[in-house]
Every structure is written in C-alpha cells, then in structure tokens.
Amino acid sequence: MRTHYCTDLSTADIGKSVEVCGWVNSYRDHGGVIFIDLRDRTGLLQLVCDPKDSTQAYETANEVRNEFVLRAIGKIRARGEGLVNPKLKTGEIEVVVETLKIENPSVNLPFVIGDKAVGEEIRLKYRFLDLRTEENFARFLMRSKAAIAARNSLDKMGFVEVETPMLTRATPEGARDYVVPSRVHNGEFYALPQSPQLFKQLLMCAGFDKYFQIVKCFRDEDLRADRQPEFTQIDVEMSFSDQNEIMKVGENLLKDVFAACGKEIKTPFRVMEYKEAMEKYGSDKPDLRFEMPLIDVLDIFARSNNKIFSDPAQNPKKNRAKAIVVKGGDKIFSKRQMLKFEDYVRKFGAKGLAFFQVKDPNETAGQDNCVEFDGISCKGPLVKFFEVEDLKELRKRGNLEIGDVIFFGVGPKKVVLDYMGRFRLFLADELKIVDQNALEFLWVVNFPMFEENDDGSYSAMHHPFTMPNNIDDEIDEITSVAYDVVLNGVELGGGSIRIHRADIQEKVFKRLKIEPDEQREKFGFLLDALSFGAPPHGGFAIGFDRLIMLATNSASIRDVIAFPKTQKAQCPMTKAPSEISSEQLKELGIRIKKEEK
Ligand code: ASP
C-alpha cells in the first residue's frame, strides 16, 4: 500500500510521487490549509492538504482526528523558508497530498500516545497504544536484531538450537514453580520450567555437544524492577569444555549481541573472586564503574574501648567492620545530610552509621570530639574510642586527607556487607560519579556451593547440579565451579561446570538433605543419564530482557517486553490471571477453596 516508510524520505526525494500510510499523530488548521503529522513505526512526516492542490484531500483532512489511519498519495516538496523543523528527521520536507484516504477512524483515546506522565497500569491496559511510539518500536527493533545476532554468533561457534518442553516438572532454580493442572491425570500437575537446566544437561548426555536456545523461563517470585514472572534467557551448554573456554564463548556472544545494539565492548572481561567482590564491594555483582571500596577495619575496631564496636570485632568469622571513604565528602555533604544517611542503611538492618570528618586542625581548635595528629583533625563522636595509633592506621588505610569523610558499619557479616555495599551505590548516586555511558563487565567466580537459610538449613547457591570444588569439606567451605557475568552492577547471567558423575551428584543431594527416595523420585532421570556415560559439561544463561534493558538504557525490564506483567504479576490488558469456568475446573478435578472473609 505504500512506496516508503515516513522517515525514508528526504530532500533527495523532492519532486517524487509517493504513497505513505500511518496514524494521525497531530493535525492543525492554518488558515484553510490542514497540516497532518503522519506517524508510522519509523517516525513522523508532514502532510499538507491544501484545497488549492486537491479539494478531495482537503475535505477528507477536515474529518481526521488523532490516531485515524490514513493513506496518502502526493508529491514531496521542500518546506518553505523558515518552516524547517530541525527536531524532525523529515523536518525539511513535506508531502503535498493529492489523494487522502481514511483507512480507519479511531474513537477517543484513553491517553495521548507517547505521554510520559501516564500511569503504568493504564499504559499496560492499552499496551498496543503505548507501543505506538517510535521510541518503543526502536527498542523492539533492537531486541530483534540482538536475538538474531545471538543466534548467528552461536551458530558460528557451532551451537545447535534445540527446543525443550514447557510442560515439565520442577527444576530447582530457587524460585517457586508455576504449575499447570493435568486434565488427563487429575490431581497431577506440570511445572513450567524455571530454566531448561536439566534438559540441556540431558542433551549433553545425548552427545549434542553444543546446545543453545532463546527460551522463556518461569519463576514465581517476588517481583522487582528488573524481574518478571516469565522472562527470556539465552541458554547455552557445551561438552568437554572448562570454565575458561565457556567464559570465552559468553564473551564472544555478548560482544556480538552488543555490536548489534551499536555498542562496542572490550574482551576479555575482568575476573574477580566471589570473596573479593563481597568483602570489597559488599555485593556478588559489584558495579565497577567507580571504585570507592569497602575497607576492612575489624582489627582496629577490636582494639577500640567501646564494647559496641570491640565485642563484635572479636569474632571475625561471624562479624565485619567496614569503612567507606568519601574523598572531599566534608565539602560536598552537610553534617545534617551525613546524619540522615543513617536512615538509608537502617532500612537494610544497620543499627546505625558512625562517621567522622577529617578537618583542618585550625578549624577545630578547642572543639569537642576531635583528635589532632600529623596535621589533621578527626572529628566525630566516635574518635574518642580509639587510640591515636589506631586513628593513624585508619588514616593510612583510608588514605584520609583534610576534607574527607569516613563512614563505618559494624555487625553481623551478612548484614554489614549488604548494607555497606548498598550504601556504596547510594553514595555514588548522591555524588553523581557514575559514568552512564560506561559498560563495565565482570566475571565473578568461585561462588560458595551452598548458602545457609534463615532456619539453619542449606540451599544450593546456584542450583544443585553445579560441580563442587571440594564436596567433602565443611559445608560453609565448599565452593563451586560457578561464574556470574555482571554488567554495571546488574547480574546479566551465570553458569557453571556441571556434575557429570552420579556419585558426586548424590553427595550434593545428601548435603542438601534430599533423601535417596526423593532423589530417585525427582531426579531419577538425571541420575540415570549421569550413569550412562555422561560427558564433562557446563554452560551458562544470559538474561535477555535485562541485557536489552541495559543496551537500550531503559528504566525497567517491562519496557523491553512487548506484553509484560505488572509488579503484581497481572496483565491489565487480558486480565490474566483470571478465574476459569466451573466446567474446566471439573475436568481438571479441582475445587477452589474460597478465602473466608
Ligand atoms: N540454569 C541456570 C539459570 O537459569 C543457568 C545455567 O547454569 O546455565 O540461572
């Protein structure tokens, strides 16, 4: 129906006859001539309907309203002197319309297309309208190009795309399953896959050697800005490879995918031990676009003469004392602001946030809570608890100079690392020191195999099919051959070398207190496969939505999913989830117990 997309046209086409189609973005009547901004997926083009050129076009234009669907035939001409719109790609030209056809009118819209102030609930209810903008189309075009690039990249490296079942049984990736009731087998349920983990391992047992799939995964967990109940992974597995080789495949893949998004990335990525990431940045996905590390001060706190600090510092296995220095912070933040920072860390379990300011001794002469040495003055209520020698040591570790501020967190290891890690990000945000254009990739390696739950039981940190380095050691000491890839503080994906021997797999299940009966019942097929000559293998998965979110600088994962769910896991458009008919329930053998009010 058309010769060109709207923004395909330029001054090079002046004089050409064209046919264009699209929606009325806006229209205005200027003294008997009607101007229409026609919009298609590429952008806007101005139509001019002047009765002097065509009465048919002018009369039809009189009827159009926003979002009417039009088809226009006419000639391209240059816009008049002073009428060029530099903001538009097609701002130098317009179409003098000879024939205008309304393909379809539109009723009044619930919101103006592209209005950023519209609430998300209403935008998702009318997602097909919300998606009508050029900006949104550009995102999905990039998503498509990235998926194609991923396929080509993996194809080039010898990987084979294989589909795995959606109706299956639980895969333990640490979330709750979405389940589907069986009609044929009343009382039995399929689980939607949390990932194709077990199937890709079975494909290795089948000798496929290199597998990939761009695949939907389903996890019923608490939703956050970067989580959705169903999401897409680029899922990869390969045989007879070690961690380094698999990480290379991951880097090549990411390089090709980012290139498709117009971003060049440098490989190889940095590699950091899990322990270092946690101790130095308080996170297993550190944002390395800026430094500001956490400094260990446990030994210094152990010598302080305040029990609040010194008691926990006696137990370095369980507790941590960490400091974070803001260079020149005393000039940037007011004391009031610094006191307020405590509110932030309290949200994450901190009991308080001590700090002191490093001042010019002339400035603090005669003031309380100050200790002077070596040409500086440390000021804060806590300085009096430390010997000067220890303050000197602090100065050395924190490289403290006049104008700096040093903050401290003390307490249980897990809590302190978590809130000081978050505080590091919070400070970077306040200080606006993060380069928004940087792409800082990082591999985090050598994860603990197990993590302790609040009730004292243990879960697999990745999943229970991850190869341990030292399965016979103390449970807290066992590490795994696992690696996560992090970009700008966001976990993009991860993977591991898998257990390919049934005896080790059984040991891991035993450590997780999965009894032999349960092992057979849940994973018998895997244990069988491992006993029939399974090759050494490993792989990874990259969160594709997150990747596109970062590559397109989108604020939310929902922006890069065509029909996403809300934070409450609902779809306002289709109204899913919804009740089903009593006939369906009967067929499924299900009776709904209504919550008593
Ligand atoms: N199955 C894992 C996940 O979905 C990725 C992997 O280990 O390959 O997180």
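Under 8 Å for C-alpha pairs, at least 6 residues apart: give me the relative contact order for the range 1-148, rounded to a whole percent.
23 percent.
Run the numbers on the range 336-415 and let me know its relative contact order in percent, using alpha-carbon pairs under 8 Å that are six or more apart. Write out the running numbers ahead of the final one.
Numbers: 96 pairs, mean separation 27.5, N = 80.
With pairs under 8 Å counted, the relative contact order is 34 percent.
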- Write down the accessible area per residue of the range 179-263 in Å², having rolled a 1.4 Å probe over the full set of protein chains. 42
- Message: Can you give me the C-alpha center-to-center distance between the range 305-331 and the range 422-458, rounded to a whole angstrom?
- Response: 20
- Message: Can you tell me which lysines have their Cα less than 18 Å from the Cα of K392? Leave out same-chain residues fewer than eight positions away.
- Response: K322, K327, K359, K379, K384
- Note on the structure: Nearest-0.05 FRET efficiency for E515 and A555 at R0 = 51 Å, using Cβ-Cβ distance, is 0.65
- Options G489, A562, P516, ranked by Cα towards positive dipole end of the range 456-597, top entry (Cβ charges): A562
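Taking the highest mean first, how do the peptides 10-17, 53-60 order by number of other beta carbon atoms within 10 angstrom per residue? Mind dumping the intermediate values first?
Details: 10-17: 12.1, 53-60: 17.4.
Highest-to-lowest ranking by the protection proxy: 53-60, 10-17.
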- Message: Give me, ordered by chain and number, the residues 5 or more places off H537 or on other chains with an amide H under 5 Å from its own placed amide H.
- Response: F240, R498
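Leaving out ligands, DNA and RNA, what percent of the accessible area of the chain is carbon and sulfur, probe 1.4 Å?
Working: 15330 of 30530 Å².
Carbon and sulfur atoms account for 50 percent of the accessible area of the chain.
Report, in debye and to the nearest 20, how large the dipole of the chain comes out about its Cα centre when Lys and Arg carry +1 and Asp and Glu carry -1 on their Cβ.
Numbers: 86 positive and 94 negative charges, 185 e Å.
In total the dipole reaches around 880 debye.
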- Task: For the chain, just the Cα atoms, rotate onto the principal axes and tell me the three extents in Å, largest first.
- Result: 92, 76, 59
- Item | Cα-based Lys pair tally, the range 478-597, threshold under 25 Å, eight or more apart or on separate chains | 14
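Run the numbers on the chain and let me know its relative contact order in percent, using alpha-carbon pairs under 8 Å that are six or more apart.
Over the chain, the number comes to 13 percent.
The values are calculated or read from the model by the stated rules, or taken from the named source; none is laboratory data. This structure is a prediction, so every number in the text was calculated from the model and none was measured. Every residue, glycine among them, receives a Cβ derived from its backbone with ideal geometry; neighbour counts consider all protein chains shown. Accessible surface areas use protein heavy atoms only, side chains included; no ligands, DNA or RNA. Shrake-Rupley method; radii C 1.70, N 1.55, O 1.52, S 1.80 Å.
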